[in-house]
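**Student:** The structure is given below, and queries will be raised subsequently.
The values are calculated or read from the model by the stated rules, or taken from the named source; none is laboratory data. Remember, predicted model here, so these are calculated numbers, not experimental data. Note that each Cβ is placed from the backbone with ideal geometry, even for glycine, and that neighbours are counted across all protein chains shown. Accessible surface areas use protein heavy atoms only, side chains included; no ligands, DNA or RNA. Shrake-Rupley method; radii C 1.70, N 1.55, O 1.52, S 1.80 Å.
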Amino acid sequence: MIFQGSVRYPVDEIVIHCAATHPDWMRGQPLTAKRKEIDRWHREERGWRKIGYHHLIDRDGAILPGRAETEIGAGVEGHNRGVIHICLIGGAGSAATDPFERNFTAAQDRALRGLIDAIRAETAITRITGHNDHAAKACPGFVVRNWINRA
Ligand SMILES: [Zn+2]
């Protein structure tokens with residue numbers, strides 16, 4: 001089991017997000033540079049102490065950690081305890097009901113499924129949701145339960 005924060009909330013949910021960036025955003029730059037930019041947005045625009053997501057997945061399927069899994073993240077207002085937040089790069093202009101492949105790559109599909117499996121091996125995940133399951137938002141730009149069931 002993974003536990004978060006000093007209260008040690010057990011992690012039982014994964015919430016998926018997108019960065020709402022265009023497909024060619026920071027093209028050719030490493031994912032570390034994109035992480036740094038998202039970290040800057042979260043600090044400067046949201047006033048958070050660091051990047052809110054626990055993992056980033058780039059267009060080519062590369063994965064990079066953000067906030068430590070043992071820290072409570074920041075991804076859904078009022079719904080962060082015991083949650084691991086994963087953010088897919090891309091998704092600008094997406095709608096909540098789009099199919100995954102309209103906004104994201106096959107490499108991201110594989111990477112996301114692999115990352116979910118890896119997290120499941122470490123903690124008892126009971127729910128995998130999208131930001132749009134918790135708020136009236138397009139993010140992550142697909143219906144997570146449909147995508148999960150398609151595998
Ligand atoms: Zn989101």
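**Student:** Any residue in region 6-24 that's over 10 Å from ILE125 (Cα atoms): show its pairings with residues that are open to solvent by 80 Å² or more (accessible area, probe 1.4 Å) and not polar (S, T, N, Q) at Cβ separation under 9 Å, as long as the two are six or more apart or on different chains.
**Tutor:** VAL7/ARG81; TYR9/ARG81; VAL15/ARG127; ALA20/GLY93; HIS22/GLY93
**Student:** How many residues, within region 7-36, are of a type outside the set (A, V, I, L, M, F, W, C) and surrounded by fewer than 15 Cβ atoms within 10 Å (Cβ to Cβ)? Break it down stepwise before answering.
**Tutor:** Going residue by residue through region 7-36, those that are of a type outside the set (A, V, I, L, M, F, W, C) are 8-10, 12-13, 17, 21-24, 27-30, 32, 34-36.
Filter once more, so that each one left must be surrounded by fewer than 15 Cβ atoms within 10 Å (Cβ to Cβ): 8, 10, 22-24, 27-30, 32, 36.
Here the count works out to 11.
**Student:** If you don't mind, another one. From (1) within 25 Å of ASP60 (Cβ to Cβ); (2) of a type in the set (D, E, K, R); (3) in a helix (DSSP H, G or I); (4) more than 14 Å from the chain's Cα centre (by Cα), pick out the condition that doesn't hold for ARG113.
**Tutor:** ARG113 satisfies every listed condition except (4).
**Student:** Can you go through ALA124, ALA62, ALA135, ALA118 and tell me which one is at pLDDT 95 or above, open to solvent by 30 Å² or more (accessible area, probe 1.4 Å) and touching a helix residue (DSSP H, G or I) at 6+ places or on another chain (Cβ under 8 Å)? Show your work before the answer.
**Tutor:** On the way: ALA124 fails: touching a helix residue (DSSP H, G or I) at 6+ places or on another chain (Cβ under 8 Å); ALA135 fails: touching a helix residue (DSSP H, G or I) at 6+ places or on another chain (Cβ under 8 Å); ALA118 fails: touching a helix residue (DSSP H, G or I) at 6+ places or on another chain (Cβ under 8 Å).
None of the others qualify; the one that does is ALA62.
**Student:** For GLY90, only one of the following conditions fails: (1) surrounded by 21 or more Cβ atoms within 10 Å (Cβ to Cβ); (2) of a type in the set (Gly, Ala, Ser); (3) more than 19 Å from HIS22 (Cβ to Cβ). What is its number?
**Tutor:** If we test GLY90 against (1) surrounded by 21 or more Cβ atoms within 10 Å (Cβ to Cβ); (2) of a type in the set (Gly, Ala, Ser); (3) more than 19 Å from HIS22 (Cβ to Cβ), just (3) comes out false.
**Student:** Can you find a residue that is outside any helix (DSSP H, G or I) and under 15 Å from the mean Cα position of the chain (by Cα) anywhere in region 24-47?
**Tutor:** The answer is no; no qualifying residue exists.
**Student:** List the pairs whose first member sits in region 86-113 and is basic (Lys, Arg), whose second member is at pLDDT below 95, and whose Cβ atoms are under 8 Å apart, counting only residues at least 6 apart or on separate chains?
**Tutor:** ARG113/ALA151
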